[in-house]
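Asks: Can you keep this structure in mind? I'll have questions shortly.
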Amino acid sequence: METWYSLSLGDGIIAPVPSDEIEQAFRQSFASVEGRPDLAVFTRPESEGRLHCEIIAYFSPATANLARVFDAQPCEKPARAGLGLLAGTESTWAVLFPEAGG
């Protein structure tokens, strides 16, 4: 199984700043292979019982080098429920989460 990476982007108020930085770096890093469905970064708000949610970015295995630039840490593949696509193409859902039926 390939390694995914995760990174806390902070709470919902400050998360747009690092989200924009990741999205911009993604476009620059993968411009020559734009549209590859295995290249994606997802986000999801997670609260784990806390009052305020924390936004977590999940980097697909094919984006490992980009994940390391942002000091993201290896993690398990996230569950599809609640994920939003931050960077990548819509076709990534069927490739990276085939068990969810695309």
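The values are calculated or read from the model by the stated rules, or taken from the named source; none is laboratory data. This structure is a prediction, so every number in the text was calculated from the model and none was measured. Positions of Cβ are backbone-derived with ideal geometry, glycine not excepted, and every protein chain shown enters the neighbour counts. Surface areas here come from the heavy atoms of the whole protein model, side chains and all, with no ligands, DNA or RNA. Shrake-Rupley method; radii C 1.70, N 1.55, O 1.52, S 1.80 Å.
Asks: Would you be so kind as to identify which of T43, I56, L66 lies farthest towards the positive end of the dipole of segment 1-78, taking Lys and Arg as +1 and Asp and Glu as -1 on Cβ and the Cα centre as origin?
Replies: My answer, from the dipole projection, is L66.
Asks: Can I ask one more? Give the accessible area for C75 in Å² (nearest 10); use a 1.4 Å probe, count only protein heavy atoms, and leave out ligands, DNA and RNA.
Replies: 40 Å²
Asks: Now, a different point. At a 1.4 Å probe, what is the % contribution of carbon and sulfur to the accessible area of the chain?
Replies: 53 percent
Asks: Under a 1.4 Å probe, what is the accessible area of the chain per residue, stated in Å²?
Replies: That works out to 57 Å² per residue.
Asks: Follow-up question, since we're still on this one. Under 20 Å from a label point 7 Å along Cα→Cβ of A25: give me every residue in segment 69-86 with its amide N that close.
Replies: 69-78, 84-86
Asks: Moving on. Quick one: accessible surface of R27, probe radius 1.4 Å, all protein chains present, in square angstrom to the nearest 10.
Replies: 140 Å²
Asks: Oh, and also: Any chance you could look up the accessible area of D20 with a 1.4 Å probe, heavy atoms only, rounded to 10 Å²?
Replies: Counting only protein heavy atoms, D20 exposes about 100 Å² to solvent.
Asks: Next question, about the same structure. 222 nm [θ] for the chain, helices only, -39500 (n - 2.57) per DSSP H run of 4+, per residue, to 500?
Replies: Numbers: 3 runs with 25 residues, N = 102.
Taken over the chain, the calculation gives -6500 deg cm²/dmol.
Asks: Which loop GluC sites (Glu not before Pro) in the chain, with loop taken from DSSP, have no more than 12 other Cβ atoms within 10 angstrom of their Cβ?
Replies: E2, E34, E48, E76, E90
Asks: Taking K and R as +1 and D and E as -1, what net charge do the other residues with C-beta under 12 Å from the C-beta of P78 add up to?
Replies: With Lys, Arg at +1 and Asp, Glu at -1, the neighbours total +1.
Asks: Just need the relative contact order of the chain here, percent rounded to a whole number, with Cα pairs under 8 Å and 6+ apart.
Replies: In percent, rounded to a whole number, it is 40.
Asks: Averaged over all directions, how much area does the convex hull of the C-alpha atoms of the chain cover when projected, in nm²?
Replies: 6.3 nm²
Asks: OK, next. Where the only charges are on Cβ atoms (+1 Lys, Arg; -1 Asp, Glu), what is the dipole of the chain about its Cα centre, to the nearest 20 debye?
Replies: So the dipole magnitude of the chain works out to roughly 120 debye.
Asks: Give the dimensionless ratio obtained when the Cα radius of gyration of segment 1-48 is divided by 2.2 N^0.38 Å.
Replies: Working it through for segment 1-48, the quotient is 1.31.
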